[in-house]
Amino acid sequence: MTTLITGGSKCGKSSFAEMILEHFQGRKIYIATMQPFGDDAFEAIERHRKMRAGKGFETIEQYTDIHEISLDKDCAVLLECVGNLCANEMFAGGAIYCPNDKIVSGIKSLSESVSELVIVTNQVGSDGISYSDGTDDYISAMGDINRRIAEFSDNVIECVYGVPVLLKGEIPC
């Protein structure tokens, strides 16, 4: 089962994703993609660690190359988040790189290899503001990546002010 959770910043995506896996009886893996740059990143990472405390998650920090992760079929995975993964891939090494196929195929492979996959992503680009070329490239990449993940996901849910809104499939909790 693959569930994609999208929404704006600080809308309850992470809490909802954890709730979906709350009663999972097997091994639970949290794949963290946020590279810790700056105080804000460290604060966000610490906040998420506190949220997960006591919930039985093992953490794998994987900032790029999601396709390199190999896990047992009987585990559940929470991948947080596609937005960080995309930025890490795009802007590593100084030149802008389009990681769409790499990210989508890596997540698709992960979804086919584990019992349950919950993916947290960000809804970007709906504000209608013009940005610099690099940011526009990022917004375009995220739109494409999110659309393609939604195609193979069993469930797609948008969190709006902490309320899960079903877009595809069913709400799995």
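Read the figures in this text as sums done on the coordinates, not as results from a lab. This structure is a prediction, so every number in the text was calculated from the model and none was measured. All Cβ positions, even for glycine, are placed from backbone atoms using ideal geometry, and neighbour counts span all protein chains on display.
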Practice problem: State which residue pairs qualify: first residue touching a residue at least 40 places away in the same chain (Cβ under 8 Å) and inside region 35-57, second residue part of a loop (DSSP other than H, G, I, E, B) in any location, beta carbons under 7 Å apart, and separation of 6 or more residues or different chains. | Solution: Gln35/Tyr63
Self-check item: Selected residue [surrounded by 15 or more Cβ atoms within 10 Å (Cβ to Cβ), of a type in the set (Lys, Arg) and over 27 Å from Asp137 (Cβ atoms)] from Arg27, Arg49
Solution: Arg27
Quiz item: Counting only residues that are farther than 19 Å from Tyr97 by Cα, among the aliphatic types (A, V, I, L, M) and touching a Cys at 6+ places or on another chain (Cβ under 8 Å), how many does region 145-162 have?
Solution: 1
Quiz item: Restricting attention to region 63-77, does a residue exist that is touching a strand residue (DSSP E or B) at 6+ places or on another chain (Cβ under 8 Å), surrounded by 14 or more Cβ atoms within 10 Å (Cβ to Cβ) and touching a residue at least 60 places away in the same chain (Cβ under 8 Å)?
Solution: no
Quiz item: So, in region 83-119, of the ones that are in a loop (DSSP other than H, G, I, E, B) and free of Cβ contacts under 8 Å to residues at least 40 places away in the same chain, which residue ends up nearest to Gly143 (Cα to Cα)?
Solution: Tyr97
Quiz item: Which number in (1) surrounded by 17 or more Cβ atoms within 10 Å (Cβ to Cβ); (2) more than 22 Å from Gly143 (Cβ to Cβ) marks the one condition that Asp39 misses?
Solution: (1)
Exercise. Please indicate, with yes or no, whether at least one residue in region 18-30 is touching an Asp or Glu at 6+ places or on another chain (Cβ under 7 Å), within 23 Å of Ser113 (Cβ to Cβ), small (Gly, Ala, Ser) and not in a loop (DSSP other than H, G, I, E, B).
Key: no
